[in-house]
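First up is the structure itself, then whatever we jot down about it.
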Amino acid sequence: MRSAVPASATRQHLRQQTRERRRQLTPVQQATAARDLLEHCKQATSIINAQHIALYLANDSELDTMPVIEWLWQQGKDVYLPVLHPFSKGHLLFLHYTPTTRMTTNRYGIQEPALDIRLVKPIPELDVICTPLVAFDNTGQRLGMGGGYYDRTLSLWHREQRGPRPVGLAHDCQQVDNLPFEAWDVPLPEIITPSYHFRW
Ligand SMILES: Nc1nc2c(c(=O)[nH]1)N(C=O)[C@@H](CNc1ccc(C(=O)N[C@@H](CCC(=O)O)C(=O)O)cc1)CN2
Ligand SMILES: Nc1ncnc2c1ncn2[C@@H]1O[C@H](COP(=O)(O)OP(=O)(O)OP(=O)(O)O)[C@@H](O)[C@H]1O
């Protein structure tokens, strides 16, 4: 008989497993992955047609987005980064990011723009939100770091398929067979990895 393992325990276990796999990538593999990601992004209509694009700065062996960000700047696109909301727990703000933006380190050790109200972009005005993730499956289900930050950010998309379009970015080794998901988990309409552009 199968014993009942709570979904939360399985999710936690999957998080640990895929984060560990990602950490095994060598610096050369990371650099190659970042370059291959850029090549896919250059072909992605969702990105080509967007002007206001949110990305993230890599942390904990996540796929490095810096080559994509530099290419977007060259294309004259506006790039935004997530900032932990100063008082609305579990929510993100998105701030304009340029080569001269003043940066700070948030409570998770991730680099983010220093809070400046003038740089805040209301979420509905973003065209695309490139989301970090810890694991994904072959239906576009996504498992994040566990804070629910992106699930909240993408709730409009989830409910009504409007607002900024989410595009997941991940290493190939973050794909898993079966992701147990919860009602609030937002399935992604596309995920770009170094080797493939998934669309659902
Ligand atoms: N690069 C990047 N930026 C991002 C995210 C992300 O996944 N990647 N986020 C996506 O939501 C938000 C931050 N969310 C996070 C949620 C939980 C933990 C976390 O549990 N970190 C520690 C343990 C706690 C701690 O150090 O205080 C860990 O690494 O285990 C980190 C980030 C916003 N910025
Ligand atoms: N739209 C939402 N509104 C309110 N609470 C939410 C919402 N989405 C998620 N949550 C809460 O956030 C918590 C963390 O969710 P979950 O474990 O799915 O995060 P995650 O997808 O791994 O993280 P992230 O989205 O930050 O990358 C859950 O306890 C859930 O109740």
List the lysines whose Cα lies under 20 Å from the Cα of LYS77, skipping any in the same chain that are fewer than 8 positions away. LYS42, LYS121
Please list, ordered by chain and number, the residues whose modelled amide H lies under 5 Å from the amide H of VAL167; skip anything fewer than 5 residues away on the same chain. ILE129, CYS130, THR131
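How many percent of the accessible area of the stretch 50-200 is carbon or sulfur, using a 1.4 Å probe?
50
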With +1 assigned to the C-beta of every Lys and Arg and -1 to the C-beta of every Asp and Glu, and no other charges, what is the dipole magnitude of the chain about the Cα centre in debye, to the nearest 20? 340
Cβ neighbours within 10 Å, averaged per peptide: list 102-112, 180-190 in order, most packed at the top. 180-190, 102-112
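Give, as a single signed number, the net charge of other residues whose beta carbon lies under 11 Å from the beta carbon of PRO194, with Lys and Arg counted +1 and Asp and Glu -1. Before the final figure, lay out each step's value.
Numbers: positive: ARG35; negative: ASP36, GLU39, ASP64, ASP172.
Surrounding charge for PRO194 is -3.
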If each K or R counts +1 and each D or E counts -1, the residues other than ASN178 whose Cβ falls under 12 Å of its Cβ total -1
The stretch 92-175: C-alpha gyration tensor shape, a/c 1.5 cut-off, then a/b vs b/c: oblate
What do you get for trypsin sites (Lys or Arg not before Pro) in the stretch 108-164 restricted to DSSP loop and a cutoff of at most 15 other Cβ within 10 Å of the site's Cβ? ARG162
What are the DSSP H helices in the chain that stretch 30 Å or more along their long axis, judged by alpha-carbon atoms, and whose average Kyte-Doolittle hydropathy comes to at least 1.0? none
Relative frequency of Cα-Cα separations exceeding 27 Å in the chain, percent: 26
Mind checking the full-extension length gain between ALA7 and TYR196? Use 0.36 nm per residue of separation minus the Cα-Cα distance, one decimal, nm. 65.2 nm
Let me check I've understood the local charge: for LEU84, count other residues with C-beta under 14 angstrom from its C-beta, Lys and Arg +1, Asp and Glu -1. What total comes out? +2
Within the stretch 173-189, the residues whose backbone N lies under 14 Å from a label point placed 7 Å from the Cα of THR139 along the Cα-to-Cβ direction are 176-189
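The values are calculated or read from the model by the stated rules, or taken from the named source; none is laboratory data. This is a predicted model, so every value here is computed, not measured. All Cβ positions, glycine included, derive from the backbone under ideal geometry; neighbour counts span all protein chains shown. What goes into the accessible areas is simple: the full protein's heavy atoms, side chains included, and nothing from ligands, DNA or RNA. Shrake-Rupley method; radii C 1.70, N 1.55, O 1.52, S 1.80 Å.
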